[in-house]
Amino acid sequence: MRKLLILAVPLALMASPAFAQSATGTVSIDGSVAGRCLFTTPSATISLGELALGGAGGTAGKLDTTKVDGQTRTLVGWCNSSAATMTVTTTELTNVASAATGFDNRVDYTATAVANAVNANDSSLTPASGTASAVGLFTGNIVVTLSASSTPNSALLVAGTYTGKVEVTLSPTV
């Protein structure tokens with residue numbers, strides 16, 4: 001009987017639940033993504049060609065608005081912030097030659113950029129950038145269109161090269 005009891009004690013200990021204590025530790029994981037905008041196609045060129053009207057009539061030598069108005073180019077970009085904005089800044093087309101009385105060496109215009117079905121624009125008649133427009137979270141085309149071209153005096157254009165630019169700025173406002 002004694003042998004049976006000695007054998008029963010270890011068996012009883014094996015069958016009874018252990019009094020071990022378990023614990024759980026936690027590792028938290030976090031990260032962030034900064035608000036960002038990027039142009040994947042950051043530049044394009046609009047070559048307007050001859051800006052002055054031809055012929056021999058009273059408008060010959062003056063701005064041919066059809067050469068400027070309606071011209072478009074497409075930039076491609078994205079913004080990963082729902083609060084992103086787009087701003088347009090224009091610089092008039094200018095010729096570095098002086099303009100005597102009866103001549104103009106400047107062509108003004110309005111540029112409108114459309115991204116994510118939102119418009120932002122600026123006129124070269126104003127020195128500051130246009131008002132920022134909220135474009136939000138988007139990826140895709142940014143179509144820039146020129147319109148409302150004019151010269152300061154509706155005069156004859158000075159011969160030479162005219163240069164200007166449109167800058168579209170995407171800002172990841174957070």
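Summary of values
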read-out: Helix 2-15 vs. the chain, principal-axis angle (Cα, 0 to 90°, nearest 10); value: 10 degrees
read-out: Gaussian network model of the chain, Cα within-10 Å springs - most flexible of S149, S47, S22; value: S22
read-out: Rg and Dmax of the chain, Cα atoms only, in Å; value: 35.0, 134
read-out: Modelled FRET efficiency - R0 35 Å, L125 with L38, Cβ distances, 0.05 increments; value: 0.70
read-out: Per-residue HN-Hα couplings for region 39-48 [Karplus 6.51, -1.76, 1.60; θ = phi - 60°; Hz; x = Gly/Pro]; value: 8, 8, 10, x, 8, 7, 10, 10, 9, 7
read-out: Contour minus Cα-Cα distance for A52 and A159 (0.36 nm per residue); value: 37.6 nm
read-out: Mean Cβ count within 10 Å, highest first, over the residues of peptides 54-65, 163-174; value: 163-174, 54-65
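Taken together, the values in this text are just the output of simple stated rules run on the coordinates, not laboratory data. The structure presented is a predicted model; accordingly, all values stated were derived computationally and were not measured. With ideal geometry, Cβ positions are generated from the backbone for all residues, glycine too; neighbour counts draw on all protein chains shown.
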